[in-house]
Each structure stands twice: as structure tokens, then as C-alpha cells.
């Protein structure tokens, strides 16, 4: 009798297939795509009308916030697929690995929702005139913020049992972490006593580093270290936890 | 012939819709208290953000804006509730078959959502009275009356917009983006958080077609934040009434009830 060799299953198997599945799904969500820019649009309008001198800082903040808000889309999408469509059982019964499901969904959302962020990039380049090095720094920080937010979004999505509650909780989380701290306004305007706290929040940590790079704020070396190390450690930690959680919740389901 | 009356002689043909919807609203909050926190916090988040980028003298105006924006957001909640009940729970068929008319249904949902917003409005009113007093623009009984009238008008108006849109929404996935987009854009186009004069001329012209603009101007005028003569106040009140009537005519035409 011929014994078939057991296929070696790699982690992240099916990532690209699910990424493009998600791209096709999200590409039909024109309304959601427009909605993804509402908060950024509102805050940019506030800044433009009330303090136009801060528009450069606000545009850079809007880029980082947009990457952060993609976590909210991941949360909504993962919860909808599981609660409303019950399609995750179908996806995960196949060869698709749980971590590829999570990361493929997040990357698919990124691919589709990146278009309005590109417009913010163009506006930021026009207004701030930053160098290539600062542009690369902003790109790297945006990637960190996206990975953090997508991981948090996916983990949170597994806690929901009711579709109706999702948007309220998710918008609360993403607005509190993205709007209250100094993301759209200079770090120096934030109360001094609470600055270490916001430097430990990924969106405001990234914003503070970019603001320092474009000369909009001055960070001490300790603050810069806290922001950079905090962002790196938190991103890696939550990403690893999201992979673990994706695998665990599949077994539970 | 057997009629509904003979077969079910005790079926009520009248009901107290508002108390019933009050309980519905209260139960929703009671079971999901954190759900109420998000829409309540949003105006405060905006206010907090604005303190960093605007002159302190604008704070009373911004608090009024937050109150009007909160009332406007009820429309989004009405949209969400009504659409969820219709699409997910298939409850609207039951309401259509009951003695409850579509207008009482609209007010019922609007009322149940108003319950959730009252804590935020109360906090903002206290804040307005305190901050207004400090900035030399006290919340007089006259200003309070104008404020309540404007809030009530916006409540009716935006609830009707919410329910009209909800009757046209087809899937669950559309509810949140449609509501968020509609009510945030309407809120931002009107000069709620900034003076009308701060807007570019084209925007000012567009804002004059929106009812919330006149609600904001009325309250700002009554409190003395944006000076207005008696004639101007009458004009604002008249325009608020006219735009509200126009909104109600359009939304009631859009609003699908029994013909689903």
C-alpha cells in the first residue's frame, strides 16, 4: 500500500488567497470606504477653520489615524463574518490557517482602504514638504500603527456576540485612542503630567516621533526612547498575541 | 362572518406607544450600558480636541454645538434601531400590523433614543451654564427656552431623517456607514462648533440651507454669543420652521411603512 506523505502545513498558509478574497469583498463596500475618512475629515476641518497653522501636523496625524482606524474595519469585518454570515467556520474548515485568516483579512482591508490615505499623503507632502527620510519614517510608523490596530481589532472582534453593539464599542475605542491624545495637534499642547501615558499609546507615540522629525514638537531623548520602544514592543506583543488568539479561538469554535 | 373583533374581542386598538418605547430604550441601555457611552462621549471628545486648537472665548459656542450635535446624532441611532428591527428582527411587520401608526412609531423610536442622550444633554447644559457665566454669556431663562426649543426641533427633524433613511437601507452592513456619513456630514456642514462667519463664503451659503444652522444661530443669539437683533432672531426662528417643514415633507415621502 502506498502511503501518501503528510503535507507540511506552513503557518500563514492561504494568506494571499484570503487577502484577495477580502480585497474583492471590501472593494464593494464603497460606503464604508467613504465613512473611513469621516473622523479625519471632521478634525481636519476643525483645524483648518480654527487654527490653520496646525494643518501640517493635523495632516500627518490624519495619515497615522487612518492606519489606526483600519483596525476598526478589521474588527467590524471579522465580527460581521463570524456573527452575521457565519462564514468563518467555512473558511477555517479548509486549509486556511487561522493566522492567515486574520492577517489576510487585515491586509485585504489595507489594500482597499489605502486609497484615501494616499490622498492624505499627497496633501501632507504639499503642505509639510518633508524629506524622503521623514517620509520613510512616517511609512514605517504607519505600518507599525496598522499592525497594532489590526491585531487589536481582530482580538476584540472575537468577544462580540451581538452585531448591534459592535460599532458603538469599536468607535469608542478607536476615537478615544486616536482623537484625544496628540495625534492631530502638537504633542507640546498636551498636559505635561500625562505625556508619558500618551507616548505609550501607539498612534500618539508615532505622531510624536513624526512631529519631532518635522520640527513641530521637541521631545527629550527619554521621551523619544519611550515612544519608539513602546511602539515597537506593543506592536510585536499584540501581533504575536493576535496569532495565538486566532489559533485558540478556532479550536474553541 | 368572523371578524377580528369577534374572534379576538379583547385585542387593544389603542396603546400607549411612548411609555412602551421608553421601556424599550431603557432596557437597551440597561443591558448594554457601554453602548450609550460612545455616542455620548463623541461630542465631549470633539470639545476636548477643540480646546487645543481654538480660542477659549469660543468654548460656550462649542458647548452649544455639542448639544445640538448630540441631538442630531439621535437620528443616527433612530436609523440604526429602526433598520435593525426591520432587517434583522423583522419586527416592523408586526408594528405595521398593529394599531400603531407610522408617525407614532417614529416618535416612539425617537423617544426611546432620546432617553439615552439625556445624561449627555444634562451634563452639557450644566457645563454651558457654568462656562457661559464665566465668559459673560449667562444661560438666562430666555436662552434656556430657545435652547430647548431648538433641541426639540432638531430631535424631531433628525429622527425623521433617520427613520426615512432606515426604511430604504437594505442590509445590516449599510446601517453604520450610512448613518455615520449622513449625520456627521450634516453636523459638520452646519456651524455648530464654530461661528458661521469663520466659514468660507461658499460654505456659509450652503450652510444657510441646513436647519441646524438656524438652530445654532438662534441659541447663539439668545445667549449673546453671536449678536442678533430681535428681527434677526425672528428671521432665524422662521427659517428654522421653514427648513424643518421642508425636511419633514421630504422625509415623510421617503419613509416606507406598510408598502415593504
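Taken together, the values in this text are just the output of simple stated rules run on the coordinates, not laboratory data. This is a predicted model, so every value here is computed, not measured. Reconstructed Cβ throughout: ideal geometry from the backbone, glycine too, with neighbour counts over all protein chains shown.
Here is how the numbers come out for the structure above:
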item: Estimated inter-spin distance, residue A:125 and residue A:244, nm [label 7 Å along Cα→Cβ]; result: 4.1
item: Exercise: per-residue mean of other protein chain Cβ atoms within 10 Å, B:189-195; result: 2
item: The protein assembly as shown shape via C-alpha gyration tensor axes, a/c threshold 1.5; result: oblate
item: Relative contact order %, the stretch A:107-253, counting alpha carbon pairs below 8 Å whose residues are six or more apart; result: 29
item: For chain A: relative contact order, % (alpha-carbon pairs under 8 angstrom, 6 or more apart); result: 27
item: Residue-span extension gain [residue B:130 to residue B:48] - 0.36 nm each, minus C-alpha spacing; result: 27.9 nm
item: Point-to-point label distance, residue B:171-residue B:23, nm (Cα→Cβ direction, 7 Å offset); result: 3.6
item: Förster-model FRET efficiency, 56 Å R0, residue A:89 and residue B:231, C-beta, rounded to 0.05; result: 0.25
item: Sum of -39500 (n - 2.57) over DSSP H runs of 4+, divided by residues of the protein assembly as shown (222 nm, nearest 500); result: -25000 deg cm²/dmol
item: Square roots of five times the Cα gyration tensor eigenvalues for chain B, Å; result: 36, 19, 18
item: Per-residue average of Cβ from other chains inside 10 Å of B:44-52; result: 5
item: Cα centroid of the stretch A:35-79 to Cα centroid of the stretch B:126-186, whole Å; result: 22
item: Peptide ranges A:81-89, B:201-209 listed from the most packed, as the mean C-beta count within 10 angstrom indicates; result: A:81-89, B:201-209
item: Per-peptide average of other Cβ atoms within 10 Å, ordering B:68-75, A:129-136, A:110-117, B:239-246 highest first; result: B:68-75, A:110-117, B:239-246, A:129-136
item: Between the stretch B:51-124 and the stretch B:194-217, the Cα center-to-center distance that results, in Å; result: 22
item: Shielding of A:46-52 by partner chains, average beta-carbon count, 10 Å; result: 6
item: Peptides A:199-208, A:93-102 ordered by average Cβ neighbours within 10 Å, highest first; result: A:199-208, A:93-102
item: Contact order relative to length of the stretch B:16-254, as percent, for alpha carbon pairs under 8 angstrom and 6 or more apart; result: 28
